[in-house]
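Take a look at the structure set out below.
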């Protein structure tokens, strides 16, 4: 376990929001401290927006939509390219902000930031693939931007979510108001400063940082907002869907997961276990796609346990700015305590603790660090196998047969992500095709910026990425001539 020391730095102050093409002083007066998770030191103070700030941003987006809603795909493509150039110019600053403010390990933070920046180019590419107009006989069908979009992002990959949602909305012809997580205020500020340099139409992009119960709630209930795209918890997603019904908003909800990784009996453990552990501890476990249920053949359980003990040597905990660190701190004291409570719950329910456990790693007591934890002899009805922990806690579940593995994998309220590991690709594909998840990877974590992202069941509604994400911001209009 790596130790950590950090020098004190001046406390930053953020008092403005981005509305109508300018940074304007907040009408809201509540101030929140931003705490660095590695040592619990205050690194910034942020003045949070209120309903009035949000209404001003919505009004700016509404004005801008009267023009931008009629823009051509060529004009949108040029804007997407400018957004990419502007964001790419601050890639190092964005990565550093994610490492300091969120505690994301630097290697993963860099990938997250780059994926967000690349979302603008991916949207530009997808823009060319959408059939914007179809005609037959005397009928013309067009795809039209839905209107002003409220984009509400989560703290675990804020730059990615902001860029991804913005790229899809801009490609569709929508104007936006973004409410980033207030826990990501520094990251959001760096990104907005970057995007301000993209020479956007005034009012196209607006950003108000504030509580979901205030800023998010105004976006959801305001009749001038036509669409909500949200990434976050199931509980908040449920309330957004319910409250959006009052104004018939279109919604896209990405709500998390309890992703299974199925280890087939022909998998080579020396390769399969490191891959499974990487998926489990992705983003220090604070990832909706993290493979936190590992399903293994019962006859191989002892060999799997040995391989996990060996594989865990690579998952060092420590300074997230150190490229050798694999697991950083939790984002906050609340999240630290949440994960600790699940570790206790696993032991209380009879799961066998293989690695990790309660408390801080030695020498890292100052921050929100915890021990990456693996439980074995877990049954799928245990709390740690059913509820999203959002931390580095892996549940190993034994299965009897391929059919049993598929049954266990699908026995969840979630269905966002899944993985299958095995050497027989035909078999792996067959198993993958039976999993109730929005995205399934085979053998290793991989990505395709044009592939849809979203979940079955309580993992959400709708899809993001590529043309699927753009189409979520579109309405269909038919014009018929007599």
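All of the numbers you see were taken from the coordinates with simple rules; none came from a lab. Predicted model only: the values in this text are computed from it and were never measured.
Looking at the stretch 260-449 alone, DSSP beta bridges between its own residues are antiparallel in about 15 percent of cases.
What fraction of the DSSP beta bridges in the chain is antiparallel, stated in percent and rounded to the nearest 5? Mind showing how you got there, number by number?
Working: 31 of 70 bridges.
Here the antiparallel bridges make up roughly 45 percent for the chain.
Tell me, what is the percent relative contact order of the chain, built from C-alpha pairs under 8 Å that lie six or more residues apart?
Details: 1134 pairs, mean separation 91.3, N = 482.
In percent, rounded to a whole number, it is 19.
Computed over the stretch 364-410, the P(r) tail beyond 18 angstrom holds 41 percent of alpha carbon pairs. Relative to the longest principal Cα axis of the chain, at what angle does helix 158-172 sit, 0 to 90 degrees, rounded to 10? Result, in degrees: 40.
Across every pair of non-identical alpha carbons in the stretch 425-482, the mean reciprocal distance, once inverted, gives a Kirkwood radius of 13.8 Å. Angle of helix 51-68 to the longest C-alpha principal axis of the chain, folded into 0 to 90 degrees and rounded to 10: 60°.
The value of relative contact order for the stretch 260-449, using C-alpha pairs under 8 Å at least six residues apart, is 27 percent.
Using the Cα gyration tensor of the stretch 1-152, with a ≥ b ≥ c the square roots of its eigenvalues, what is the shape: rounded (a/c below 1.5), prolate (a/b larger than b/c) or oblate (neither)? It would help to have the intermediate numbers written out before the result.
Values: a/c = 3.21, a/b = 1.67, b/c = 1.93.
Oblate is the answer for the stretch 1-152, as a/c is 1.5 or above yet b/c matches or exceeds a/b.
Anisotropy class assigned to the stretch 177-334 is prolate, per the alpha carbon gyration tensor with a/c at or over the 1.5 cut-off and a/b larger than b/c. Projected onto its three principal axes, the C-alpha set of the stretch 260-449 covers 49, 36, 30 Å, listed from the longest axis down.
Indicate the gyration tensor shape class of the stretch 346-482 (rounded, prolate or oblate), computed on the Cα atoms with a ≥ b ≥ c the square roots of the eigenvalues: a/c under 1.5 is rounded; otherwise a/b larger than b/c is prolate and the rest oblate. Mind dumping the intermediate values first?
Numbers: a/c = 2.43, a/b = 1.69, b/c = 1.44.
Prolate, because a/c is 1.5 or more and a/b exceeds b/c.
Expressed in nm to one decimal, what extension gain is obtained for the pair residue 271 and residue 142 from 0.36 nm per residue of sequence separation less their Cα-Cα distance?
Values: separation 129, 0.36 × 129 = 46.44 nm, distance 4.93 nm.
Result for the pair: 41.5 nm of gain on full extension.
Compute the Rg/Rh shape ratio of the chain: radius of gyration over Kirkwood radius, all on alpha-carbon atoms.
Details: Rg = 22.7 Å, Rh = 23.1 Å.
Here the Rg-to-Rh quotient is 0.98.
Return one number: the angle in degrees, 0 to 90 and rounded to the nearest 10, between the long axis of the Cα atoms of helix 269-280 and the longest principal axis of the Cα atoms of the chain. Compared with the principal axis, the helix lies near 40 degrees.
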